[in-house]
Amino acid sequence: MTLTCKICNKACKNKQGLHSHVSRIHKLTIPEYYIQVHQKRDKHTGELLEFKDFNDYFNRDFKNINNFISWAKNAKIEEVRGLMLKQLKARVTGKELKFAPPHLELCLNKMPSIDMFREYFGSYSKACEEVGVPPLYPKGLIKDFFASNPELDDVKIMIDTRERKPLEFKKSTSLKLDFGDYAVGDPYYNYTYVDRKDESDFKSTLTTGFERFKRELDRAKHFDAFLFVVVEGSIESIINNNILFGSRSNLSFIWHNMRVISHEYAGRCQFIFTGKNGKNLFNQLDSDFYNEYNELNDLLINLKKVKNEDRASKISKKMWVMRKKIFEPAYDKYVADARIESQNIIPKLLVYGKKLWETDLQYFIDSHVLGRG
């Protein structure tokens, strides 16, 4: 496919050739070139849009989802619907998806929410139908899922012998499981298992442990089983805490791998986060804490580069105090609350089993219980 430089009209064989030409001849970075020649602007604020990659730039019309929401309030319904379908189709075709993105994927990619699709199309399924793919999770939530069910207290939960931090249930037994950390026996068994992970486990599973995890899912698939991955954290907490646990993880890579697993093992695996979202994530911590810590971390990196060891040592000690005195007590309470949510939801996942396999549980969890921080 021939592409023409918009500055000098030189024809280039492909995108790579154009990028090379722009860099070599016009001395521009790729983002500088596209922003300069195309001048794409946010439809709500008029600001120039940032260039991240080719597909993102030409399929995006807003700087962030909040600008889109603000713009949509005063725009014509058909125009709003058109842009929503454009974004959804771009995601499906760009990633070669067989299913439309679920709630978590929409949130992570700053796309219109399922609630917005329901508002403008009547249902998310109808929007997906117009794009030509079904939703990854097409079914609604079973009645009274969030209601208290005393009968679940009598269910004996089987806990894998390798589970490092087993949850507590009224009735449980230790047993080596073929996959996952939690299961139930007869008469409740219906091919459903739960794999529990804290934030650190989750990140390592989708990075260094990715291939091992896929092999575990292959075993589950072979036995016609389903694995719920229950993460004791939230998307928000994982993003905010990314530099507070030692080394900074490549979150884009982690979200990519979570999406790959969700689509490749459609009907066999679903991720659920039981940590609460909210403005003040851990009650004591707010954006000021994270801003200060991130600024100190950036300063520490620069001080180490110029080998200013004395000041670097002082900054490092201040960061250590912030972690030990402020962050860790708040985070421990947060995790304890998330584990309680895990204890409440895991028996339901195991007993209701197949009735939940095709339900976007995180959407209902965020709407009903954990997302109202």
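The values are calculated or read from the model by the stated rules, or taken from the named source; none is laboratory data. Owing to the predicted nature of the structure, the values given are computational and were not obtained by experimental measurement. Cβ atoms come from the backbone with ideal geometry, glycine included; neighbour counts cover every protein chain shown. Side chains are part of the model used for accessible areas, which takes the heavy atoms of the whole protein and leaves out ligands, DNA and RNA. Shrake-Rupley method; radii C 1.70, N 1.55, O 1.52, S 1.80 Å.
Reported count of residues in segment 255-279, each being more than 25 Å from ARG219 (Cβ to Cβ) and either at pLDDT 95 or above or polar (S, T, N, Q) (or both), is 1. Residues in segment 211-238 that are assigned to a helix (DSSP H, G or I), open to solvent by 80 Å² or more (accessible area, probe 1.4 Å) and in contact (Cβ under 8 Å) with a residue 12 or more places away in the chain: ARG219, LYS221.
Screening ARG215 with (1) within 20 Å of HIS263 (Cα to Cα); (2) in contact with a strand residue (DSSP E or B) (Cβ under 6 Å, 6 or more places away or on another chain) gives one miss only, at (2). Among the conditions (1) assigned to a loop (DSSP other than H, G, I, E, B); (2) open to solvent by 50 Å² or more (accessible area, probe 1.4 Å), the only one that ARG118 does not satisfy is (1). Taking the numbered list (1) of a type outside the set (Phe, Trp, Tyr); (2) more than 22 Å from ARG339 (Cα to Cα); (3) modelled with pLDDT under 95 in turn, ASP153 passes all entries but (2). When we screen LYS52, LYS27, LYS63, LYS43 for residues that are in a loop (DSSP other than H, G, I, E, B), open to solvent by 70 Å² or more (accessible area, probe 1.4 Å), in contact (Cβ under 8 Å) with a residue 24 or more places away in the chain and not acidic (Asp, Glu), the only hit is LYS43. Of all residues in segment 194-210, those satisfying the criterion of being farther than 19 Å from ALA338 by Cα, open to solvent by less than 30 Å² (accessible area, probe 1.4 Å) and outside any helix (DSSP H, G or I) are LEU206, GLY209. Of LEU177, LEU141, LEU97, all but one fail to be open to solvent by less than 40 Å² (accessible area, probe 1.4 Å), touching a residue at least 60 places away in the same chain (Cβ under 8 Å) and part of a loop (DSSP other than H, G, I, E, B); the exception is LEU97. Looking only at segment 275-312, residues that are more than 24 Å from ILE238 (Cβ to Cβ) and open to solvent by less than 50 Å² (accessible area, probe 1.4 Å) come to 2 in all.
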